[in-house]
1. Quote the convex hull volume per residue of segment 137-188, based on C-alpha atoms, as a whole number of Å³.
2. Can you run phi through the Karplus equation (6.51, -1.76, 1.60; θ = phi - 60°) for segment 155-160 and list ³J(HN,Hα) in whole Hz, with x for Gly and Pro?
3. Taking the Cα-to-Cβ direction at Lys103 and at Lys153 and moving 7 Å from each Cα, how far apart do the two end points lie in nm?
4. Accessible area per residue of segment 86-162 at 1.4 Å probe, in Å²?
5. Determine the alpha carbon to alpha carbon distance for each of Lys44/Lys103; Lys80/Lys103; Lys29/Lys80; Lys29/Lys55; Lys103/Lys153; Lys80/Lys149 and list only those over 21 Å.
Amino acid sequence: MVDHLQYSLKKNSDEMFLNDQSVHWEIKKLFPVEFNAAEAGIQKIESEFNLSVQKNELILLTYHLINVKEGGHAVQDSMKMSELISGIINIIQLDTGIILDEKTFNYSRFVSHLRYLFIRHFNNTEIDRAELDPELLAMMISRYPQVYKTVEKIVHYIRERANWDLQADEQVYLVLHIWRVTHRQEEN
């Protein structure tokens, strides 16, 4: 991260400015703690060294903080993770017609579930899992058919974007989380 900051300051002194703000909103919503910490850090650097840091450095510094928090995986993995999570949220919102409220506990819990799902995948660490009773997934499909259709779209999306197939137990968890994040939001 120190190397990154040094490079950022060098770019500033050389007046090299990049202007890609396309992921600003996503990162701010998906990783608010890290985003706010990066923002505070940049403000401190700007006031301490009396300079102006490029706006896109906020996103890059946020990715570095995510990496530190999540165990130091590659910045590319963090970028891929945010792209995948954002895509999943878009699928849910389009399928249900509900704009998810990112300030709710259920939304935070859902995004956290997705983050750890992807971190385990990127780190090739599988959790010890007992074999899923096939009837459990069948029951979830029967009980929540619309939510499961959304999960099927997510499974396809992840397969296409990350070349990874979600296991049946991961699909069950997705059904539960998606039902919770959409239905409990409607109740509030």
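The values are calculated or read from the model by the stated rules, or taken from the named source; none is laboratory data. Keep in mind it's a predicted model, so treat the numbers as computed, not measured. So basically every Cβ, Gly included, is an ideal-geometry build from the backbone, and we count neighbours across all protein chains shown. The protein model used for the area step is the full one, side chains on, heavy atoms only, and it has no ligands, DNA or RNA in it. Shrake-Rupley method; radii C 1.70, N 1.55, O 1.52, S 1.80 Å.
1. Working: hull volume 3.6 nm³, N = 52.
Hull volume normalised by residue count: 69 Å³.
2. The phi angles translate into 4, 4, 4, 5, 4, 6 Hz.
3. 2.6
4. Numbers: 4760 Å² over 77 residues.
Accessible surface, normalised per residue, equals 62 Å².
5. In this structure, Lys44/Lys103; Lys80/Lys103; Lys103/Lys153; Lys80/Lys149 lie more than 21 Å apart at Cα.
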